[in-house]
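The values are calculated or read from the model by the stated rules, or taken from the named source; none is laboratory data. This structure is a prediction, so every number in the text was calculated from the model and none was measured. For neighbour counting, all protein chains shown are included, and Cβ atoms are generated from backbone atoms with ideal geometry for every residue, glycine included. Keep in mind that these areas ignore ligands, DNA and RNA; they rest on the heavy atoms of the full protein, side chains included. Shrake-Rupley method; radii C 1.70, N 1.55, O 1.52, S 1.80 Å.
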Amino acid sequence: MEQTLNHETRGRLTKDGIRIYDDADFAGMHAAGRLAAEILDAMAPLVFPGQTTGAIDRRITEMVEEAGATSATIGYKGYKHASCISVNHVVCHGIPGDKVLKDGDILNIDVTVIVDGWFGDTSRMYVAGKLPRKAERLIEITHNALMLGIEAVKPGNTFGDIGHAIQGYVESHRMSVVRDFCGHGLGRVFHAPPNVLHYGRPGTGAVLEPGMFFTIEPMVNLGRPETKTLADDWTAVTRDKSLSAQFEHSVGVTEDGAEIFTLSPAGKFHPTY
Ligand code: MF3
Ligand code: CO
Ligand code: CO
């Protein structure tokens, strides 16, 4: 099956091992990214106090099937679900299940789909019931940080410029950037070079070129940046139990900036509007 191949021969590799895709490949990424974003658009009504994360994941599984697409996460390194759902102090890779959402819980839903062999990977924040003030601030800063990172995406800039834009903004608001997880190249594979760090120094790291496809997916904590992984080997939490938020887009470098493959067709991104 085409999508289980994890080698790839399209385009060329840079000296840093980053694949440069062709102009025609943007359309494939756009279709995959759009489906992932449409699935996230449909999630808001499913997030409410009393709901389980497992029920949300089941609807995602159905939507992937209804679209004739494939979940990238089911079967990935033994993972069994079509999404990661990370509640409150869970930083990422929360496993959907019997957990019941309660009023004021914030959660990240992360979906990766494969459409015609192309991967679309995106996540957003949601709230069950009323959004607490502190959580709203965290979510806004995290979304702004992602968009500032994307603004730094253009040929000639470096990956360090992206990380610096995110880190400088987040820390100026006295929040912290998680170091233990990063964005990644993707395309016809789920995770490829480079590691896209959400912190860094301007002018460092590989130089961006048109045709690079990767995710930016900053995780921001209200407290300290350290994480630990629970005994299930997936769930990453903040060590100090502080709230954590994340947004993720899949992007491609164009001649003069970035194309965001996973923008919501409905213009949604915020948990309450
Ligand atoms: N979608 C996640 C990412 O942004 C990866 C999830 S892998 C899983 O890279 F197995 F935990 F689903
Ligand atoms: Co990702
Ligand atoms: Co993801």
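Considering the range 107-119, and only residues there that are closer than 10 Å to Ala36 by Cβ and not β-branched (Val, Ile, Thr), the residue that is nearest to ligand 2 (Cβ to nearest atom) turns out to be Asp110.
For the range 120-131, the set of residues classified as assigned to a loop (DSSP other than H, G, I, E, B) and within 15 Å of ligand 2 (Cβ to nearest atom) is empty. Sort out which residues of the range 154-187 are touching a helix residue (DSSP H, G or I) at 6+ places or on another chain (Cβ under 7 Å) and within 13 Å of Leu197 (Cα to Cα), and write them in order of number. If the condition is that a residue be touching a helix residue (DSSP H, G or I) at 6+ places or on another chain (Cβ under 7 Å) and within 13 Å of Leu197 (Cα to Cα), then Ile162, Ala165, Ile166, Val177 are the ones that fit. Yes or no: Val196 surrounded by fewer than 22 Cβ atoms within 10 Å (Cβ to Cβ), among the hydrophobic types (A, V, I, L, M, F, W, C) and closer than 19 Å to Thr122 by Cα? Against the criterion (surrounded by fewer than 22 Cβ atoms within 10 Å (Cβ to Cβ), among the hydrophobic types (A, V, I, L, M, F, W, C) and closer than 19 Å to Thr122 by Cα), Val196 does not qualify.
Residues in the range 191-228 that are among the β-branched types (Val, Ile, Thr) and closer than 12 Å to Thr158 by Cα: Val196, Thr204, Val207. Is at least one residue of the range 36-56 in contact with a strand residue (DSSP E or B) (Cβ under 7 Å, 6 or more places away or on another chain), open to solvent by 70 Å² or more (accessible area, probe 1.4 Å) and at pLDDT 95 or above? Within the range 36-56, not a single residue is in contact with a strand residue (DSSP E or B) (Cβ under 7 Å, 6 or more places away or on another chain), open to solvent by 70 Å² or more (accessible area, probe 1.4 Å) and at pLDDT 95 or above. The selection criterion, being open to solvent by less than 20 Å² (accessible area, probe 1.4 Å), touching a residue at least 24 places away in the same chain (Cβ under 8 Å), within 16 Å of ligand 3 (Cβ to nearest atom) and among the polar types (S, T, N, Q), does not hold for Thr158. Tell me, yes or no, whether the range 89-106 has at least one residue that is within 16 Å of ligand 1 (Cβ to nearest atom), over 18 Å from Val237 (Cα atoms) and in contact (Cβ under 8 Å) with a residue 60 or more places away in the chain. No.
Of these, Val113, Val100, Val153, which one is of a type in the set (A, V, I, L, M, F, W, C) and surrounded by fewer than 17 Cβ atoms within 10 Å (Cβ to Cβ)? Matching residue, one of Val113, Val100, Val153: Val100.
Quick grid of which residues meet (1) within 30 Å of Pro155 (Cβ to Cβ); (2) within 16 Å of ligand 2 (Cβ to nearest atom); (3) among the β-branched types (Val, Ile, Thr):
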position	(1), (2), (3)
Asp233	no, no, no
Ala236	no, yes, no
Asp240	no, no, no
Leu243	no, no, no
His249	yes, yes, no
Gly252	yes, yes, no
Ala258	yes, yes, no
Leu263	yes, yes, no
Lys268	yes, no, no
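Annotation note: of Phe214, Phe269, the sole residue that is open to solvent by 20 Å² or more (accessible area, probe 1.4 Å), out of contact with any Cys (no Cβ under 6 Å at 6 or more places or on another chain) and touching a residue at least 12 places away in the same chain (Cβ under 8 Å) is Phe269.
Of all residues in the range 120-140, those satisfying the criterion of being open to solvent by 10 Å² or more (accessible area, probe 1.4 Å) and within 20 Å of the chain's Cα centre (by Cα) are Arg124, Tyr126, Val127, Glu136, Arg137, Glu140. Within the range 166-181, the set of residues being open to solvent by less than 50 Å² (accessible area, probe 1.4 Å) and more than 18 Å from Arg239 (Cβ to Cβ) comprises Ile166, Gln167, Gly168, Tyr169.
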